[in-house]
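Okay, so here's the structure we're looking at.
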Amino acid sequence: MLVEKGWFIPTLQFGPDDVFLCEDWEDTPAGPYRALFHFSPEDYRTLYASSEEGRDLVSTIHRFDEMHVVDIASRRQDGRWTIDVDTGAKGALHMEVDYYATTLLKLVNPVLCHTPDVIVRNPYYCKLVPRIAAPIMGTDPKMNIMGLTEMGRNTRFRMDRIFMVGSARCSWDGKDMGPLVDCCYSHDMGAYKTVSKAMVSYLSLIVD
């Protein structure tokens with residue numbers, strides 16, 4: 001079993017075509033690392049990882065068509081997450097995500113982070129959390145936080161804190177990628193799908 005703990009955005013779509021997944025892992029068996037997934041409309045997947053060890057770890061969990069070890073800067077301050085990625089020939093990518101906790105999330109988050117692991121491991125709990133989050137976040141109540149990835153890895157998420165995304169911006173090689181929109185794709189990640197609404201979370205990913 002391996003455990004990764006850190007910050008996570010499961011889906012960000014800018015404009016009609018570009019979908020991203022953002023990870024900033026503080027503690028993993030591969031050491032701290034950051035990763036950015038890019039999905040095309042045809043589900044062509046590119047991984048940008050900040051270390052070879054991080055690349056090797058995440059590529060055992062999800063599949064990619066391209067993988068690159070690059071410089072990635074990740075900073076969070078006053079409810080803004082800023083990500084800068086040197087994607088090489090494709091140019092510099094700059095992303096800013098503004099996130100916050102609603103009054104209700106301020107009540108829910110302390111419960112999430114103090115829930116005993118014996119409960120968090122229960123499949124019924126894993127089905128309940130997305131249903132509780134759905135009316136708060138506007139997310140899909142059928143969203144999975146437990147199951148097999150497309151690489152056949154048995155995984156589950158332990159949610160410690162959840163935040164709403166208020167706004168986000170992205171430019172790539174100096175080009176504005178367009179407005180943040182609800183994700184309209186269902187890229188296959190095994191039990192997991194890209195989610196329509198952007199959200200930020202602090203969590204643990206447990207992989208058997």
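A few notes on this one:
- Test: residue in the stretch 42-49 that is on the phi < 0 side of the Ramachandran plot, at pLDDT 95 or above and among the basic types (K, R): yes
- Flag set for T87, criterion: at pLDDT 95 or above, surrounded by 12 or more Cβ atoms within 10 Å (Cβ to Cβ) and β-branched (V, I, T).
- Among residues of the stretch 100-124 being assigned to a helix (DSSP H, G or I) and over 25 Å from R80 (Cα atoms), the one that is nearest to the chain's Cα centre (by Cα) is V120.
- Restricted to the stretch 125-208, the set of strands (runs of 3 or more DSSP E) holding at least 3 residues that are among the β-branched types (V, I, T) and either surrounded by fewer than 19 Cβ atoms within 10 Å (Cβ to Cβ) or out of contact with any Cys (no Cβ under 6 Å at 6 or more places or on another chain) (or both) comprises 154-172, 199-207.
- Residue within the stretch 40-49 that is touching a Lys or Arg at 6+ places or on another chain (Cβ under 6 Å), small (G, A, S) and outside any loop (DSSP other than H, G, I, E, B) present: yes
- Of the residues making up the stretch 50-87, those that are farther than 24 Å from D98 by Cβ, outside any loop (DSSP other than H, G, I, E, B) and of a type in the set (V, I, T) are V58, V69.
The values are calculated or read from the model by the stated rules, or taken from the named source; none is laboratory data. If you're wondering where the values come from, they're calculated on a predicted model, not measured in any experiment. Quick reminder, even Gly has a Cβ in these numbers, built from the backbone with ideal geometry, and neighbours come from all protein chains shown.
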